[in-house]
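The values are calculated or read from the model by the stated rules, or taken from the named source; none is laboratory data. For clarity, every value in this text was computed on a predicted model and none was experimentally measured. When we count neighbours, we look across all protein chains shown, and the Cβ atoms used for this are built from the backbone with ideal geometry, even at glycine.
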Amino acid sequence: MPENGDNKFMRRCLDLAIRAEGMTYPNPLVGAVIVYNGTIIGEGYHLTAGKHHAEVIATDSVADKSLLSKSILYVSLEPCSHSGKTPPCTDLIISHNIPKVVIGTIDTSSKVSGRGLENLVKAGCEVIKGVLEEECRRINRRFFTFHEKKRPYITLKWAQSADGFIDRIRPRNSPVEPYWISGKPERVLVHKWRAAEQSVLVGAGTIRSDNPGLNVRYWKGNNPVKVILSRSGRLNKYLIENETNGTIIVFTENTEEDFGRAEKVILNRTTPSALQILDYLYKSDIQSVFIEGGAEVINHFITMGLWDEAKIFFGNTRFNEGLKAPVIEGKPLSHVNFGTSRLEVLHNEAK
């Protein structure tokens, strides 16, 4: 069944906005289209922080600017009303006499929080809000979680064997490499996911046993900041010292080890590690964390109830014995079948 006009054009805003996923931090993803007599005459999306916002790119793309005063602007997020690295988008809209603005969802960050909408209404614009609101909030779930809950958006990811193990029992002196449960298509997808996140967290045990790159070499985008949780500090110094995308090493005990450019964070013993890590990332303006292992780290966040989304690959092979996979309950969001595994995505309704 075809969508009505407002939904159809807002859907286009979402399609545009998601193209920049992972590239706009600390700014949100925003898409905008300008419609005249039912036809799109201009469109755009925010590309990266410090550059033009979606509304500016959309208005600039309109060939005949005289049509703006007879058009409708659709935008997935409330236009900004403050000056930062760029001027307020509400001023631009008002200066072009755009008579009607349709907004997907309100920007709940402290700098906007409804003031953009108020400015437009005061200037005489007709404003409609809440069109495909759930989907508009979904694409900016990291941005909204950061500003509303004062912590990063938390995604858990792991792969487990058909009989429920996350890893095999490793003999002494076994190769430092992962036991693959999923196939190459799944690994490409994981790299795509990493490109959308600001940080990736693993335990030191995962570093020692798998020596993971934790980058986006199979995808185009920014490498996330590595966050490594360690007790002993026994890590591959060469790997860490030669990182270019940033590494934060979180220790549960004080250490004199030198890890070059990596940031060292020492946790206290009275507050759960998960809370301290999330607080540090929040204060570092990191809006999302992608937790890839190991089982102890993932279980710690599950036990604390600190997760928003879980992405789990269920492999076809059996290990018969090994390290037990985490146990989690959540609302199913989606599932995909691959040749060597099945992916299930869960949402934490309690958060």
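For LYS311, state whether it is surrounded by 13 or more Cβ atoms within 10 Å (Cβ to Cβ) and of a type in the set (D, E, K, R).
Yes.
For the range 1-53, the tally of residues that are touching a Lys or Arg at 6+ places or on another chain (Cβ under 6 Å), touching a residue at least 40 places away in the same chain (Cβ under 8 Å) and of a type in the set (Gly, Ala, Ser) stands at 0. Considering each of GLY38, GLY31 in turn, give the residue that is surrounded by fewer than 15 Cβ atoms within 10 Å (Cβ to Cβ) and either closer than 20 Å to ASN4 by Cβ or of a type in the set (Lys, Arg) (or both). The match here is GLY38. When the range 255-271 is filtered for residues that are out of contact with any strand residue (DSSP E or B) (no Cβ under 9 Å at 6 or more places or on another chain) and within 18 Å of LEU281 (Cβ to Cβ), the ones remaining, listed by number, are ASN268, THR271. Is at least one residue of the range 73-90 free of Cβ contacts under 8 Å to residues at least 60 places away in the same chain, in a helix (DSSP H, G or I) and in contact with a helix residue (DSSP H, G or I) (Cβ under 6 Å, 6 or more places away or on another chain)? Yes, that holds for at least one residue.
Filtering the range 326-338 to residues that are in contact with an Asp or Glu (Cβ under 9 Å, 6 or more places away or on another chain) and either in contact (Cβ under 8 Å) with a residue 12 or more places away in the chain or surrounded by 13 or more Cβ atoms within 10 Å (Cβ to Cβ) (or both) leaves GLY330, LYS331, PRO332, LEU333, VAL336, PHE338.
Filtered by the rule that a residue be farther than 19 Å from LEU16 by Cβ and part of a loop (DSSP other than H, G, I, E, B), the range 131-154 gives LYS150, ARG151, PRO152. Quick one: is LYS192 under 25 Å from the mean Cα position of the chain (by Cα) and either modelled with pLDDT under 95 or assigned by TED's automatic domain parsing to the domain that holds PRO87 (or both)? So LYS192 fails the test. Contact annotation: residue pairs with Cβ atoms under 8 Å, 6 or more positions apart or on different chains, pairing a residue in the range 191-212 that is touching a residue at least 40 places away in the same chain (Cβ under 8 Å) with a partner that is surrounded by fewer than 19 Cβ atoms within 10 Å (Cβ to Cβ) and in a helix (DSSP H, G or I), are GLY203/GLU296; GLY205/GLU296. The conditions of being assigned by TED's automatic domain parsing to the domain that holds ARG168 and touching a Pro at 6+ places or on another chain (Cβ under 7 Å) are met by GLN287. Collect the residues in the range 99-129 that are closer than 28 Å to GLN198 by Cα and in a loop (DSSP other than H, G, I, E, B), keeping them in residue-number order. ILE106, ASP107, THR108, SER109, SER110, LYS111, VAL112, SER113, GLY114 - these are the residues of the range 99-129 that are closer than 28 Å to GLN198 by Cα and in a loop (DSSP other than H, G, I, E, B).
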